[in-house]
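Here the structure is laid out as structure tokens; the discussion comes afterwards.
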Amino acid sequence: MKVSLPLLYSGNPREAADQVAALERAGLDGVWVAEAYGFDAPTLMGYLAAKTERVEIGSAILNIYSRTPSALLQTAAGLDNVTGGRAILGPGASGPQVIEGFHGVAFDQPVTRTREIVELIRRGLRRETLTHEGTFTLPLPPGQGSGLGKPLKLLSRPERRTVPIYVAALGPTSVRSMASYADGWLPFLFYPERAAEVWGEALAAGTARREEGLAPLEVVAGGMLAIGEGPDTKALLDLARPLYALYVGGMGARGKNFTTSWPAALRLLRPRPGRSRTSTSTATSATRRRMCRRPAGRSQPGRPGVLRPRADRRVPGRGRDQSPGDPGRPRPGRTGRASEGVAGLTGPAVRLSRRPP
């Protein structure tokens with residue numbers, strides 16, 4: 001098992017990089033860099049490479065729509081070189097609001113597109129001449145473009161012939177596909193005790209078709225981890241509630257939440273026996289309110305306990321330097337030395353080098 005930290009896409013990356021270097025000396029195994037529609041991940045990953053010596057540096061996630069497969073190949077090869085073989089490529093589809101709204105690209109065929117990109121990256125790192133017909137066509141066929149395109153291979157020699165590729169996937173179709181070809185899996189809101197209820201069938205079907213020669217699928221259990229004992233550790237729930245509430249009740253378009261939109265995930269939101277049933281939207285809203293509510297006696301002026309729906313999805317009462325999951329300055333009752341005062345970092349994720357449930 002390895003312990004890693006996500007670098008949030010808000011906050012100051014330079015400050016966070018200094019703190020990642022300090023955490024590396026304390027034994028941190030890896031860091032994951034998000035981008036959403038903020039700073040691009042590869043730039044920050046390169047900066048982290050210069051500030052660290054040992055930690056693995058992964059993208060989580062690098063969207064597959066705003067970059068061509070060959071651009072992602074170049075990124076993987078370049079990052080692996082500047083990190084000295086410590087890079088992990090974490091591609092994912094992101095979502096239609098970002099892809100279509102920010103990048104202006106149609107959000108289509110995410111499962112097929114992801115698989116083809118991974119195949120092309122792996123072939124490119126082996127410096128094969130790239131030709132392909134599918135969602136992408138390399139080179140462009142006659143009648144498109146100038147007609148001067150020809151098959152090429154990567155000009156530079158990569159640090160390694162293979163870079164680990166961890167694919168972000170949530171829905172059953174994408175998880176089933178990912179489990180057949182990816183080196184690792186980037187889930188989110190991972191609850192180990194109930195993961196099999198949500199993803200068990202898809203993982204089993206995918207691993208049954210796993211490509212020959214691949215090691216067992218690794219799982220990055222994307223969630224918050226508190227190390228310690230006693231009631232003080234429970235105070236960290238206040239750190240987790242806004243982040244979970246954002247994804248369960250506030251992420252995505254009003255009528256489409258990819259985090260909770262497939263039947264297996266919705267089972268986790270159903271009322272317990274003896275409680276009245278309600279609609280999915282009402283249950284999700286109630287979950288959001290419950291998760292954001294502060295414990296009695298912990299209310300603070302200017303920090304209402306309910307997450308308001310806002311366009312920028314910020315948690316009420318947090319300043320510009322503090323985002324969902326951003327620990328910010330230490331507060332009374334907080335524990336966990338690895339995260340106190342770390343601007344731009346959230347709680348550790350656990351990377352499991354074993355077969356998924």
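The values are calculated or read from the model by the stated rules, or taken from the named source; none is laboratory data. As the structure is a prediction and not an experimental result, all values here were calculated from the model. No Cβ is skipped: glycine too gets one built from the backbone with ideal geometry, and neighbour counts run over all protein chains shown. Please note that ligands, DNA and RNA were not included when accessible areas were found on the heavy atoms of the full protein model with its side chains. Shrake-Rupley method; radii C 1.70, N 1.55, O 1.52, S 1.80 Å.
Structure data summary
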quantity: Surface accessible to a 1.4 Å probe, per residue, for the residues of region 84-211, Å²; calculated: 50
quantity: Highest to lowest packing among 164-172, 7-15, 91-99, scored as the average C-beta count within 10 Å; calculated: 164-172, 91-99, 7-15
quantity: Value in Å of the Kirkwood radius, where region 46-114 supplies the Cα pairs that are averaged; calculated: 13.0
quantity: Ser146 accessible area, 1.4 Å probe, all protein chains in place, Å² to nearest 10; calculated: 100
quantity: Cα gyration tensor shape of region 139-204, rounded if a/c is under 1.5, else prolate or oblate by comparing a/b with b/c; calculated: prolate
quantity: Candidate aspartates and glutamates for bridging to Lys153, where Cα separation is under 17 Å - those fewer than 8 sequence places away on the same chain excluded; calculated: Glu116, Glu119, Glu128, Glu133
quantity: log10 of Debye I(q)/I(0), alpha-carbon scatterers only, for region 73-201 at 0.14, 0.15, 0.16 Å⁻¹; calculated: -0.76, -0.86, -0.96
quantity: Over 17 Å [Cα-Cα, region 1-137], rounded percent; calculated: 60
quantity: Proximal charge balance of Arg126 [Cβ under 10 Å; K/R count +1, D/E count -1]; calculated: +4
quantity: Relative contact order of region 26-68, pairs being alpha-carbon contacts under 8 Å that are 6 or more residues apart, as %; calculated: 50
